1. Just need a number here: residues in the range B:38-57 that are at positive phi and either touching a Ser or Thr at 6+ places or on another chain (Cβ under 9 Å) or more than 8 Å from chain A (Cβ to nearest Cβ) (or both).
2. If a residue must be in a helix (DSSP H, G or I) and on the phi > 0 side of the Ramachandran plot, how many such residues does the range A:76-91 contain?
3. Of all the strands (runs of 3 or more DSSP E) wholly in the range B:217-265, which have at least 1 residues that are free of Cβ contacts under 8 Å to residues at least 40 places away in the same chain?
4. Check whether at least one residue in the range B:11-28 is more than 10 Å from every other protein chain (Cβ to nearest Cβ), in contact with a strand residue (DSSP E or B) (Cβ under 9 Å, 6 or more places away or on another chain) and hydroxyl-bearing (Ser, Thr, Tyr), and report yes or no.
5. Can you go through B:30, B:22 and tell me which one is under 26 Å from residue B:192 (Cβ atoms), in contact (Cβ under 8 Å) with a residue 60 or more places away in the chain and surrounded by fewer than 23 Cβ atoms within 10 Å (Cβ to Cβ)?
6. For residue B:75, only one of the following conditions fails: (1) out of contact with any helix residue (DSSP H, G or I) (no Cβ under 7 Å at 6 or more places or on another chain); (2) closer than 16 Å to residue B:186 by Cβ; (3) at the interface with chain A (Cβ under 10 Å from one of its Cβ atoms). What is its number?
7. Sort out which residues of the range B:92-118 are of a type in the set (Lys, Arg) and within 11 Å of chain A (Cβ to nearest Cβ), and write them in order of number.
Amino acid sequence: MEGFKTLLYKECLRFWKVGFQTVLSPVLTAVLYLLIFGHVLENHVQPYPGVSYTAFLVPGLVMMTVLQNAFANSSSSLIQSKITGNIVFVLLPPISYQEFYAAYVIASVLRGIACGVGVLLVSLPFASLSLAEPGWVLAFTLTGGAFLGTLGVIAGIWADKFDQLAAFQNFLIMPLTMLSGVFYSIHSLPVFWQGVSHFNPFFFMIDGFRYGFFGVSDVSPWTSIGVVAVCFVVLAVITLQMLARGYKLRA
Amino acid sequence: MIPALRIAGVTKRFRSLQALAGVDLEVVQGEFFGLLGPNGAGKTTLISSLAGLARPDSGTLEVMGHDVIKDYRAARLALGVVPQELVFDPFFSVREMLRIQSGYFGIRNNDDWIDEILHHLDLTGKAGANMRMLSGGMKRRALVAQALVHRPPVIVLDEPTAGVDVELRHGLWQFIRKLNQDGHTIVLTTHYLEEAESLCGRIAMLKAGRVVALDTTANLLQRFATHTLKLQLAAPVSLPPPFSARIVSQAGTELVLGFDHYDDVGHLLAGLRAAGGEITDMALGKPDMEQVFVGIMNQN
(Lines give C-alpha, C1' and ligand atoms only; values in the text may rest on other atoms or scores of the structure.)
Protein backbone atom coordinates (compact mmCIF):
# COMPACT_ATOMS: atom_id res chain seq x y z
CA MET A 1 0.00 0.00 0.00
CA GLU A 2 2.93 2.32 0.69
CA GLY A 3 4.07 1.92 -2.92
CA PHE A 4 0.65 2.96 -4.19
CA LYS A 5 0.51 5.96 -1.85
CA THR A 6 3.98 7.07 -2.92
CA LEU A 7 3.18 6.74 -6.61
CA LEU A 8 -0.01 8.75 -6.08
CA TYR A 9 1.96 11.39 -4.15
CA LYS A 10 4.62 11.48 -6.88
CA GLU A 11 2.03 11.90 -9.62
CA CYS A 12 0.36 14.76 -7.73
CA LEU A 13 3.72 16.40 -6.94
CA ARG A 14 4.66 16.11 -10.61
CA PHE A 15 1.74 18.24 -11.85
CA TRP A 16 1.82 20.55 -8.83
CA LYS A 17 5.47 21.45 -9.48
CA VAL A 18 4.50 22.78 -12.89
CA GLY A 19 1.21 24.30 -11.72
CA PHE A 20 1.37 27.24 -14.12
CA GLN A 21 1.18 24.82 -17.00
CA THR A 22 -1.04 22.13 -15.49
CA VAL A 23 -3.56 24.13 -13.41
CA LEU A 24 -3.45 27.87 -14.07
CA SER A 25 -3.25 27.65 -17.87
CA PRO A 26 -6.40 25.53 -18.26
CA VAL A 27 -8.21 27.82 -15.81
CA LEU A 28 -7.26 30.86 -17.89
CA THR A 29 -8.36 29.13 -21.12
CA ALA A 30 -11.75 28.26 -19.64
CA VAL A 31 -12.26 31.77 -18.30
CA LEU A 32 -11.48 33.22 -21.74
CA TYR A 33 -14.15 30.94 -23.24
CA LEU A 34 -16.55 32.17 -20.55
CA LEU A 35 -15.84 35.84 -21.17
CA ILE A 36 -16.04 35.63 -24.96
CA PHE A 37 -19.01 33.28 -25.39
CA GLY A 38 -20.81 34.80 -22.39
CA HIS A 39 -20.40 38.30 -23.76
CA VAL A 40 -21.51 37.38 -27.28
CA LEU A 41 -24.42 35.06 -26.46
CA GLU A 42 -25.71 36.23 -23.05
CA ASN A 43 -28.64 38.19 -24.50
CA HIS A 44 -29.37 35.81 -27.39
CA VAL A 45 -29.56 32.35 -25.87
CA GLN A 46 -31.44 31.03 -22.86
CA PRO A 47 -30.94 27.25 -22.76
CA TYR A 48 -33.16 26.60 -19.71
CA PRO A 49 -35.98 28.80 -18.37
CA GLY A 50 -34.66 31.11 -15.67
CA VAL A 51 -31.01 30.21 -16.34
CA SER A 52 -28.80 32.81 -18.05
CA TYR A 53 -26.43 31.66 -20.81
CA THR A 54 -23.34 32.57 -18.77
CA ALA A 55 -24.61 30.60 -15.77
CA PHE A 56 -25.41 27.68 -18.11
CA LEU A 57 -21.93 27.87 -19.58
CA VAL A 58 -20.01 27.75 -16.27
CA PRO A 59 -20.73 24.10 -15.26
CA GLY A 60 -20.00 22.97 -18.82
CA LEU A 61 -16.63 24.71 -18.82
CA VAL A 62 -15.82 23.40 -15.34
CA MET A 63 -16.56 19.82 -16.39
CA MET A 64 -14.77 20.21 -19.73
CA THR A 65 -11.70 21.41 -17.82
CA VAL A 66 -11.96 18.50 -15.37
CA LEU A 67 -12.16 15.98 -18.22
CA GLN A 68 -9.44 17.41 -20.43
CA ASN A 69 -6.99 17.76 -17.56
CA ALA A 70 -7.69 14.34 -16.13
CA PHE A 71 -6.80 12.94 -19.55
CA ALA A 72 -3.76 15.17 -19.91
CA ASN A 73 -2.35 14.18 -16.54
CA SER A 74 -2.09 10.42 -16.89
CA SER A 75 -1.32 10.47 -20.61
CA SER A 76 1.46 13.07 -20.45
CA SER A 77 3.04 11.58 -17.34
CA LEU A 78 3.19 8.12 -18.88
CA ILE A 79 4.48 9.14 -22.28
CA GLN A 80 7.14 11.40 -20.75
CA SER A 81 8.26 8.56 -18.48
CA LYS A 82 8.32 6.13 -21.40
CA ILE A 83 10.25 8.42 -23.72
CA THR A 84 12.78 9.55 -21.12
CA GLY A 85 13.05 5.96 -19.85
CA ASN A 86 12.37 6.77 -16.20
CA ILE A 87 9.26 4.54 -16.29
CA VAL A 88 11.65 1.82 -15.01
CA PHE A 89 11.61 3.50 -11.60
CA VAL A 90 7.91 2.62 -11.34
CA LEU A 91 8.23 -0.80 -12.98
CA LEU A 92 11.11 -2.11 -10.84
CA PRO A 93 9.47 -1.73 -7.39
CA PRO A 94 6.91 -4.17 -5.94
CA ILE A 95 3.89 -2.18 -7.14
CA SER A 96 1.01 -4.24 -8.55
CA TYR A 97 -0.62 -3.29 -11.83
CA GLN A 98 -3.85 -2.49 -9.94
CA GLU A 99 -1.97 -0.07 -7.67
CA PHE A 100 -0.23 1.40 -10.71
CA TYR A 101 -3.60 1.97 -12.39
CA ALA A 102 -5.28 3.40 -9.28
CA ALA A 103 -2.42 5.83 -8.56
CA TYR A 104 -2.38 7.27 -12.10
CA VAL A 105 -6.18 7.57 -12.30
CA ILE A 106 -6.67 9.10 -8.85
CA ALA A 107 -3.90 11.64 -9.52
CA SER A 108 -5.65 12.49 -12.79
CA VAL A 109 -8.97 13.01 -11.01
CA LEU A 110 -7.26 15.22 -8.43
CA ARG A 111 -5.69 17.38 -11.14
CA GLY A 112 -9.06 17.57 -12.89
CA ILE A 113 -10.67 18.69 -9.63
CA ALA A 114 -7.93 21.27 -8.97
CA CYS A 115 -8.47 22.77 -12.42
CA GLY A 116 -12.27 22.52 -12.20
CA VAL A 117 -12.37 24.25 -8.80
CA GLY A 118 -10.11 26.96 -10.22
CA VAL A 119 -12.48 27.58 -13.15
CA LEU A 120 -15.49 27.58 -10.83
CA LEU A 121 -13.96 30.08 -8.40
CA VAL A 122 -12.82 32.47 -11.13
CA SER A 123 -16.25 32.21 -12.83
CA LEU A 124 -18.30 33.05 -9.74
CA PRO A 125 -18.12 36.86 -10.19
CA PHE A 126 -19.52 36.48 -13.74
CA ALA A 127 -22.55 34.27 -13.09
CA SER A 128 -25.12 33.61 -10.42
CA LEU A 129 -24.93 29.89 -9.72
CA SER A 130 -26.91 27.63 -7.45
CA LEU A 131 -25.91 24.16 -6.34
CA ALA A 132 -29.21 22.28 -6.54
CA GLU A 133 -27.86 18.72 -6.21
CA PRO A 134 -24.22 18.72 -5.02
CA GLY A 135 -24.18 14.91 -4.86
CA TRP A 136 -24.55 14.74 -8.65
CA VAL A 137 -21.78 17.29 -9.09
CA LEU A 138 -19.46 15.08 -7.07
CA ALA A 139 -20.62 11.84 -8.73
CA PHE A 140 -20.03 13.12 -12.28
CA THR A 141 -16.73 14.76 -11.33
CA LEU A 142 -15.40 11.49 -9.96
CA THR A 143 -16.74 9.13 -12.64
CA GLY A 144 -16.00 11.53 -15.51
CA GLY A 145 -12.51 12.30 -14.18
CA ALA A 146 -11.79 8.59 -13.66
CA PHE A 147 -13.08 7.80 -17.18
CA LEU A 148 -10.74 10.36 -18.75
CA GLY A 149 -7.87 9.47 -16.41
CA THR A 150 -8.26 5.88 -17.59
CA LEU A 151 -8.40 6.94 -21.22
CA GLY A 152 -5.19 8.89 -20.53
CA VAL A 153 -3.51 5.75 -19.18
CA ILE A 154 -4.47 3.88 -22.37
CA ALA A 155 -3.25 6.70 -24.61
CA GLY A 156 -0.03 7.17 -22.62
CA ILE A 157 0.80 3.48 -22.82
CA TRP A 158 -0.25 3.06 -26.46
CA ALA A 159 1.50 6.14 -27.88
CA ASP A 160 5.16 5.72 -28.77
CA LYS A 161 5.76 9.40 -29.48
CA PHE A 162 4.28 12.76 -28.53
CA ASP A 163 2.81 13.13 -32.00
CA GLN A 164 0.58 10.08 -31.54
CA LEU A 165 -0.58 11.33 -28.17
CA ALA A 166 -1.34 14.77 -29.65
CA ALA A 167 -3.43 13.05 -32.33
CA PHE A 168 -5.36 11.16 -29.65
CA GLN A 169 -5.94 14.40 -27.78
CA ASN A 170 -6.77 16.66 -30.74
CA PHE A 171 -8.77 14.26 -32.90
CA LEU A 172 -10.66 12.38 -30.20
CA ILE A 173 -10.75 14.06 -26.79
CA MET A 174 -11.04 17.67 -27.97
CA PRO A 175 -13.89 17.17 -30.50
CA LEU A 176 -15.83 14.90 -28.16
CA THR A 177 -15.63 17.44 -25.32
CA MET A 178 -16.35 20.47 -27.50
CA LEU A 179 -19.33 18.71 -29.12
CA SER A 180 -20.75 17.44 -25.86
CA GLY A 181 -23.04 20.35 -25.02
CA VAL A 182 -20.58 22.53 -23.14
CA PHE A 183 -21.66 25.59 -25.12
CA TYR A 184 -25.26 24.64 -25.96
CA SER A 185 -28.20 22.50 -24.93
CA ILE A 186 -28.65 19.63 -27.38
CA HIS A 187 -32.32 20.63 -27.68
CA SER A 188 -31.10 23.55 -29.78
CA LEU A 189 -29.69 21.05 -32.33
CA PRO A 190 -31.52 19.46 -35.28
CA VAL A 191 -33.06 16.09 -34.37
CA PHE A 192 -30.36 14.14 -36.23
CA TRP A 193 -27.52 15.77 -34.28
CA GLN A 194 -29.45 15.36 -31.04
CA GLY A 195 -29.44 11.62 -31.78
CA VAL A 196 -25.74 11.63 -32.64
CA SER A 197 -24.98 13.41 -29.36
CA HIS A 198 -26.39 10.45 -27.46
CA PHE A 199 -23.46 8.36 -28.73
CA ASN A 200 -21.01 10.76 -27.14
CA PRO A 201 -20.31 9.74 -23.53
CA PHE A 202 -18.94 13.22 -22.85
CA PHE A 203 -22.42 14.63 -23.44
CA PHE A 204 -23.77 12.58 -20.50
CA MET A 205 -20.91 13.74 -18.24
CA ILE A 206 -21.54 17.41 -19.01
CA ASP A 207 -25.31 17.12 -18.88
CA GLY A 208 -25.33 15.20 -15.59
CA PHE A 209 -22.80 17.54 -14.03
CA ARG A 210 -24.90 20.53 -15.06
CA TYR A 211 -27.96 18.90 -13.49
CA GLY A 212 -26.15 19.11 -10.15
CA PHE A 213 -26.18 22.90 -10.44
CA PHE A 214 -29.61 23.64 -11.91
CA GLY A 215 -31.70 20.55 -11.24
CA VAL A 216 -32.50 20.64 -14.99
CA SER A 217 -30.88 18.61 -17.77
CA ASP A 218 -31.41 17.30 -21.29
CA VAL A 219 -31.61 13.67 -20.08
CA SER A 220 -32.18 12.12 -16.66
CA PRO A 221 -29.06 12.21 -14.46
CA TRP A 222 -29.67 8.54 -13.67
CA THR A 223 -29.38 7.69 -17.35
CA SER A 224 -26.25 9.82 -17.60
CA ILE A 225 -24.53 8.31 -14.58
CA GLY A 226 -25.42 4.85 -15.87
CA VAL A 227 -23.84 5.53 -19.27
CA VAL A 228 -20.74 7.13 -17.75
CA ALA A 229 -20.32 4.36 -15.17
CA VAL A 230 -20.63 1.60 -17.78
CA CYS A 231 -18.14 3.37 -20.08
CA PHE A 232 -15.73 3.80 -17.17
CA VAL A 233 -15.99 0.17 -16.07
CA VAL A 234 -15.43 -1.10 -19.66
CA LEU A 235 -12.38 1.13 -20.08
CA ALA A 236 -11.04 0.22 -16.63
CA VAL A 237 -11.28 -3.50 -17.44
CA ILE A 238 -9.48 -2.98 -20.77
CA THR A 239 -6.77 -0.89 -19.10
CA LEU A 240 -6.24 -3.38 -16.30
CA GLN A 241 -5.90 -6.14 -18.90
CA MET A 242 -3.29 -4.08 -20.74
CA LEU A 243 -1.36 -3.48 -17.54
CA ALA A 244 -1.62 -7.09 -16.41
CA ARG A 245 -0.11 -8.20 -19.73
CA GLY A 246 2.52 -5.47 -19.50
CA TYR A 247 1.43 -4.11 -22.91
CA LYS A 248 4.20 -1.79 -24.19
CA LEU A 249 5.60 -1.52 -20.66
CA ARG A 250 7.14 -4.91 -19.95
CA ALA A 251 8.76 -6.60 -22.97
CA MET B 1 21.63 -21.92 1.44
CA ILE B 2 19.15 -20.44 -1.05
CA PRO B 3 20.99 -19.07 -4.09
CA ALA B 4 20.84 -15.32 -4.56
CA LEU B 5 19.76 -15.91 -8.16
CA ARG B 6 18.50 -19.08 -9.78
CA ILE B 7 17.89 -18.99 -13.53
CA ALA B 8 16.65 -22.18 -15.17
CA GLY B 9 15.94 -22.83 -18.84
CA VAL B 10 15.13 -19.21 -19.65
CA THR B 11 14.29 -18.40 -23.26
CA LYS B 12 13.14 -15.12 -24.75
CA ARG B 13 12.50 -14.24 -28.35
CA PHE B 14 11.90 -10.76 -29.82
CA ARG B 15 10.35 -11.44 -33.22
CA SER B 16 13.16 -13.06 -35.26
CA LEU B 17 15.82 -12.50 -32.58
CA GLN B 18 16.40 -15.27 -30.05
CA ALA B 19 17.66 -13.04 -27.22
CA LEU B 20 17.92 -15.87 -24.67
CA ALA B 21 18.22 -19.44 -25.88
CA GLY B 22 18.01 -21.48 -22.69
CA VAL B 23 20.01 -19.87 -19.91
CA ASP B 24 20.81 -21.80 -16.72
CA LEU B 25 22.70 -20.01 -13.99
CA GLU B 26 22.99 -19.87 -10.22
CA VAL B 27 24.60 -17.09 -8.24
CA VAL B 28 25.52 -17.86 -4.64
CA GLN B 29 24.69 -15.39 -1.88
CA GLY B 30 27.57 -13.01 -1.19
CA GLU B 31 29.21 -13.53 -4.59
CA PHE B 32 30.64 -10.80 -6.79
CA PHE B 33 29.51 -12.25 -10.10
CA GLY B 34 30.34 -11.04 -13.59
CA LEU B 35 28.09 -11.39 -16.60
CA LEU B 36 30.07 -10.73 -19.75
CA GLY B 37 29.35 -10.91 -23.42
CA PRO B 38 29.43 -8.91 -26.63
CA ASN B 39 26.65 -6.48 -27.51
CA GLY B 40 23.44 -8.37 -28.22
CA ALA B 41 24.52 -11.43 -26.25
CA GLY B 42 21.43 -11.23 -24.02
CA LYS B 43 22.88 -9.72 -20.84
CA THR B 44 20.38 -6.89 -20.55
CA THR B 45 17.47 -9.15 -21.55
CA LEU B 46 18.48 -11.53 -18.77
CA ILE B 47 18.67 -8.68 -16.26
CA SER B 48 15.35 -7.30 -17.49
CA SER B 49 13.79 -10.73 -17.01
CA LEU B 50 15.13 -10.87 -13.45
CA ALA B 51 13.77 -7.41 -12.73
CA GLY B 52 10.34 -8.07 -14.23
CA LEU B 53 10.90 -5.62 -17.10
CA ALA B 54 10.74 -8.48 -19.61
CA ARG B 55 8.79 -11.72 -19.45
CA PRO B 56 10.58 -14.89 -20.47
CA ASP B 57 8.90 -17.20 -22.99
CA SER B 58 9.88 -20.19 -20.88
CA GLY B 59 11.95 -21.06 -17.83
CA THR B 60 12.02 -19.68 -14.32
CA LEU B 61 13.94 -16.96 -12.52
CA GLU B 62 14.22 -16.60 -8.77
CA VAL B 63 15.73 -13.89 -6.59
CA MET B 64 16.56 -15.12 -3.08
CA GLY B 65 14.21 -18.03 -3.67
CA HIS B 66 11.30 -15.87 -4.86
CA ASP B 67 9.90 -16.43 -8.35
CA VAL B 68 10.05 -13.13 -10.24
CA ILE B 69 6.54 -13.57 -11.64
CA LYS B 70 4.54 -15.59 -9.09
CA ASP B 71 6.13 -13.93 -6.06
CA TYR B 72 7.14 -10.69 -7.71
CA ARG B 73 6.77 -8.46 -4.65
CA ALA B 74 9.28 -10.44 -2.56
CA ALA B 75 11.58 -10.89 -5.58
CA ARG B 76 11.64 -7.16 -6.36
CA LEU B 77 12.18 -6.23 -2.72
CA ALA B 78 15.27 -8.44 -2.79
CA LEU B 79 16.67 -6.91 -5.97
CA GLY B 80 18.27 -3.55 -6.74
CA VAL B 81 18.93 -2.79 -10.40
CA VAL B 82 21.14 -0.05 -11.80
CA PRO B 83 19.89 0.29 -15.37
CA GLN B 84 22.23 0.68 -18.29
CA GLU B 85 20.54 3.79 -19.72
CA LEU B 86 21.22 7.11 -18.00
CA VAL B 87 17.59 7.80 -17.06
CA PHE B 88 16.25 10.27 -14.52
CA ASP B 89 13.05 12.09 -13.59
CA PRO B 90 13.51 15.79 -14.39
CA PHE B 91 10.78 16.90 -11.97
CA PHE B 92 12.62 16.04 -8.76
CA SER B 93 15.74 16.74 -6.74
CA VAL B 94 18.12 13.92 -5.82
CA ARG B 95 16.72 13.66 -2.28
CA GLU B 96 13.08 13.83 -3.42
CA MET B 97 13.77 11.12 -5.94
CA LEU B 98 15.40 8.87 -3.32
CA ARG B 99 12.53 9.43 -0.87
CA ILE B 100 10.02 8.59 -3.60
CA GLN B 101 11.98 5.49 -4.56
CA SER B 102 12.05 4.42 -0.88
CA GLY B 103 8.27 4.82 -0.73
CA TYR B 104 7.82 2.64 -3.82
CA PHE B 105 9.55 -0.11 -1.84
CA GLY B 106 7.34 0.48 1.20
CA ILE B 107 9.90 2.38 3.26
CA ARG B 108 9.07 5.64 5.03
CA ASN B 109 11.48 7.88 6.94
CA ASN B 110 14.53 6.54 5.14
CA ASP B 111 16.63 9.70 5.42
CA ASP B 112 19.41 8.20 7.56
CA TRP B 113 20.16 5.53 4.95
CA ILE B 114 19.68 8.02 2.10
CA ASP B 115 22.27 10.32 3.74
CA GLU B 116 24.68 7.41 4.07
CA ILE B 117 24.29 6.41 0.42
CA LEU B 118 24.71 10.02 -0.70
CA HIS B 119 27.87 10.32 1.40
CA HIS B 120 29.41 7.14 -0.02
CA LEU B 121 28.56 8.15 -3.56
CA ASP B 122 29.89 11.67 -3.03
CA LEU B 123 26.49 13.21 -3.74
CA THR B 124 25.77 14.87 -0.36
CA GLY B 125 26.38 18.32 -1.82
CA LYS B 126 23.91 17.62 -4.61
CA ALA B 127 21.04 16.28 -2.49
CA GLY B 128 18.91 19.36 -3.13
CA ALA B 129 19.86 19.74 -6.79
CA ASN B 130 17.41 18.89 -9.54
CA MET B 131 18.38 15.73 -11.42
CA ARG B 132 18.67 17.75 -14.64
CA MET B 133 21.50 19.80 -13.15
CA LEU B 134 23.77 16.82 -12.48
CA SER B 135 26.68 15.83 -14.71
CA GLY B 136 26.61 12.44 -16.47
CA GLY B 137 28.80 10.83 -13.81
CA MET B 138 26.62 12.21 -11.01
CA LYS B 139 23.48 10.97 -12.71
CA ARG B 140 25.08 7.54 -12.96
CA ARG B 141 25.84 7.58 -9.23
CA ALA B 142 22.31 8.78 -8.48
CA LEU B 143 21.06 5.71 -10.36
CA VAL B 144 23.22 3.55 -8.12
CA ALA B 145 21.75 5.35 -5.09
CA GLN B 146 18.22 4.67 -6.34
CA ALA B 147 18.95 0.96 -6.63
CA LEU B 148 20.16 0.86 -3.03
CA VAL B 149 17.43 2.77 -1.16
CA HIS B 150 15.67 -0.43 -0.06
CA ARG B 151 18.93 -2.19 0.96
CA PRO B 152 18.43 -5.09 -1.45
CA PRO B 153 20.45 -8.26 -0.72
CA VAL B 154 21.09 -8.65 -4.47
CA ILE B 155 22.35 -5.75 -6.56
CA VAL B 156 22.57 -5.90 -10.35
CA LEU B 157 24.69 -3.31 -12.09
CA ASP B 158 24.23 -3.14 -15.84
CA GLU B 159 27.34 -1.40 -17.18
CA PRO B 160 27.49 1.06 -14.27
CA THR B 161 30.79 2.69 -15.22
CA ALA B 162 29.99 3.58 -18.82
CA GLY B 163 30.85 7.26 -19.20
CA VAL B 164 32.20 7.63 -15.65
CA ASP B 165 35.69 9.12 -15.27
CA VAL B 166 38.53 7.12 -13.70
CA GLU B 167 38.44 8.78 -10.27
CA LEU B 168 34.70 8.39 -9.87
CA ARG B 169 34.90 4.85 -11.17
CA HIS B 170 37.38 3.95 -8.43
CA GLY B 171 35.13 5.56 -5.80
CA LEU B 172 32.14 3.66 -7.12
CA TRP B 173 33.96 0.34 -7.04
CA GLN B 174 35.21 1.01 -3.52
CA PHE B 175 31.61 1.48 -2.40
CA ILE B 176 30.33 -1.56 -4.30
CA ARG B 177 33.17 -3.68 -2.84
CA LYS B 178 32.15 -2.50 0.63
CA LEU B 179 28.54 -3.51 -0.07
CA ASN B 180 29.78 -6.92 -1.19
CA GLN B 181 31.90 -7.27 1.97
CA ASP B 182 28.79 -6.38 4.00
CA GLY B 183 27.07 -9.42 2.48
CA HIS B 184 25.30 -8.04 -0.60
CA THR B 185 25.43 -10.20 -3.70
CA ILE B 186 26.67 -8.21 -6.67
CA VAL B 187 26.02 -9.07 -10.31
CA LEU B 188 27.93 -6.93 -12.76
CA THR B 189 27.83 -6.57 -16.51
CA THR B 190 30.57 -4.50 -18.06
CA HIS B 191 32.58 -4.08 -21.22
CA TYR B 192 35.62 -3.11 -19.12
CA LEU B 193 37.08 -6.60 -18.83
CA GLU B 194 39.83 -5.55 -16.44
CA GLU B 195 37.09 -4.42 -14.02
CA ALA B 196 35.43 -7.81 -14.19
CA GLU B 197 38.78 -9.53 -13.70
CA SER B 198 39.72 -7.54 -10.62
CA LEU B 199 36.25 -7.50 -8.98
CA CYS B 200 34.43 -10.71 -9.83
CA GLY B 201 35.00 -14.03 -8.12
CA ARG B 202 33.06 -15.88 -10.77
CA ILE B 203 32.18 -15.01 -14.33
CA ALA B 204 29.61 -16.20 -16.85
CA MET B 205 30.02 -15.38 -20.53
CA LEU B 206 27.03 -15.11 -22.79
CA LYS B 207 26.97 -15.35 -26.55
CA ALA B 208 23.84 -15.34 -28.72
CA GLY B 209 21.63 -15.93 -25.69
CA ARG B 210 23.60 -18.89 -24.29
CA VAL B 211 26.05 -19.29 -21.44
CA VAL B 212 29.27 -20.31 -23.20
CA ALA B 213 31.55 -20.18 -20.14
CA LEU B 214 30.96 -20.25 -16.40
CA ASP B 215 33.78 -20.58 -13.90
CA THR B 216 35.80 -18.76 -11.28
CA THR B 217 37.85 -15.88 -12.62
CA ALA B 218 41.07 -17.68 -11.63
CA ASN B 219 40.08 -20.86 -13.48
CA LEU B 220 39.07 -18.95 -16.59
CA LEU B 221 42.39 -17.15 -16.65
CA GLN B 222 44.26 -20.41 -16.13
CA ARG B 223 42.34 -22.26 -18.83
CA PHE B 224 42.05 -19.65 -21.51
CA ALA B 225 44.87 -17.14 -21.04
CA THR B 226 48.63 -17.31 -21.05
CA HIS B 227 51.54 -15.01 -20.35
CA THR B 228 52.52 -13.24 -23.51
CA LEU B 229 55.73 -12.08 -25.07
CA LYS B 230 55.06 -9.18 -27.39
CA LEU B 231 57.86 -8.65 -29.89
CA GLN B 232 58.60 -5.99 -32.44
CA LEU B 233 60.85 -7.42 -35.18
CA ALA B 234 63.06 -5.76 -37.75
CA ALA B 235 61.40 -7.88 -40.46
CA PRO B 236 58.60 -10.49 -40.55
CA VAL B 237 59.73 -13.98 -39.75
CA SER B 238 58.28 -17.47 -40.27
CA LEU B 239 58.56 -19.58 -37.12
CA PRO B 240 58.90 -23.36 -37.54
CA PRO B 241 57.18 -25.91 -35.22
CA PRO B 242 57.09 -26.25 -32.26
CA PHE B 243 57.46 -22.45 -31.88
CA SER B 244 54.70 -21.74 -34.38
CA ALA B 245 52.23 -23.34 -31.95
CA ARG B 246 53.06 -20.53 -29.49
CA ILE B 247 51.91 -17.75 -31.80
CA VAL B 248 49.00 -15.83 -30.25
CA SER B 249 48.93 -13.24 -33.02
CA GLN B 250 51.16 -12.08 -35.84
CA ALA B 251 50.68 -8.92 -37.87
CA GLY B 252 53.59 -7.77 -40.06
CA THR B 253 56.58 -7.20 -37.82
CA GLU B 254 54.54 -7.52 -34.60
CA LEU B 255 54.55 -10.98 -33.10
CA VAL B 256 52.86 -12.13 -29.89
CA LEU B 257 53.89 -15.48 -28.41
CA GLY B 258 52.21 -17.26 -25.51
CA PHE B 259 53.97 -19.13 -22.70
CA ASP B 260 53.07 -20.69 -19.35
CA HIS B 261 56.23 -20.19 -17.27
CA TYR B 262 58.89 -17.51 -17.31
CA ASP B 263 61.48 -20.27 -17.83
CA ASP B 264 60.06 -20.73 -21.33
CA VAL B 265 61.07 -17.21 -22.44
CA GLY B 266 64.74 -18.06 -23.08
CA HIS B 267 63.71 -21.09 -25.15
CA LEU B 268 61.32 -18.97 -27.25
CA LEU B 269 63.92 -16.27 -27.86
CA ALA B 270 66.46 -18.92 -28.91
CA GLY B 271 63.96 -20.38 -31.39
CA LEU B 272 63.26 -16.93 -32.78
CA ARG B 273 66.96 -16.20 -33.24
CA ALA B 274 67.41 -19.57 -34.98
CA ALA B 275 64.63 -18.59 -37.39
CA GLY B 276 66.45 -15.37 -38.23
CA GLY B 277 64.28 -12.99 -36.23
CA GLU B 278 65.83 -9.70 -35.13
CA ILE B 279 64.13 -8.13 -32.09
CA THR B 280 63.82 -4.34 -31.90
CA ASP B 281 61.41 -4.13 -28.92
CA MET B 282 59.94 -6.52 -26.39
CA ALA B 283 57.28 -6.54 -23.62
CA LEU B 284 55.88 -9.18 -21.28
CA GLY B 285 52.15 -9.47 -20.59
CA LYS B 286 50.25 -11.31 -17.86
CA PRO B 287 47.18 -13.48 -18.55
CA ASP B 288 44.12 -11.23 -18.70
CA MET B 289 40.37 -11.43 -19.13
CA GLU B 290 40.53 -9.94 -22.61
CA GLN B 291 42.41 -13.03 -23.85
CA VAL B 292 39.86 -15.23 -22.10
CA PHE B 293 36.98 -13.31 -23.60
CA VAL B 294 38.37 -13.29 -27.13
CA GLY B 295 39.36 -16.95 -26.88
CA ILE B 296 35.94 -18.10 -25.67
CA MET B 297 34.01 -15.95 -28.12
CA ASN B 298 36.11 -17.23 -31.04
CA GLN B 299 35.69 -20.84 -29.89
CA ASN B 300 31.91 -20.52 -29.91
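The values are calculated or read from the model by the stated rules, or taken from the named source; none is laboratory data. Keep in mind that what you see is a predicted model, and the values were worked out from it rather than measured. Note that we place each Cβ from the backbone using ideal geometry, even for glycine, and neighbour counts take in every protein chain shown.
1. The number of residues fulfilling the criteria is 2.
2. The total comes to 0.
3. By residue number, B:247-251, B:254-259.
4. So far as the range B:11-28 goes, yes, one or more of its residues are more than 10 Å from every other protein chain (Cβ to nearest Cβ), in contact with a strand residue (DSSP E or B) (Cβ under 9 Å, 6 or more places away or on another chain) and hydroxyl-bearing (Ser, Thr, Tyr).
5. Residue meeting the stated conditions: B:30.
6. (2)
7. B:99, B:108
Yes/no matrix, rows are residues, columns are (1) within 14 Å of chain B (Cβ to nearest Cβ); (2) in a helix (DSSP H, G or I); (3) crowded, with 16+ Cβ neighbours inside 10 Å; (4) not aliphatic (A, V, I, L, M):
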{"residue": "A:93", "(1), (2), (3), (4)": "yes, no, yes, yes"}
{"residue": "A:106", "(1), (2), (3), (4)": "no, yes, yes, no"}
{"residue": "A:116", "(1), (2), (3), (4)": "no, yes, yes, yes"}
{"residue": "A:120", "(1), (2), (3), (4)": "no, yes, yes, no"}
{"residue": "A:132", "(1), (2), (3), (4)": "no, no, no, no"}
{"residue": "A:138", "(1), (2), (3), (4)": "no, yes, no, no"}
{"residue": "A:146", "(1), (2), (3), (4)": "no, yes, yes, no"}
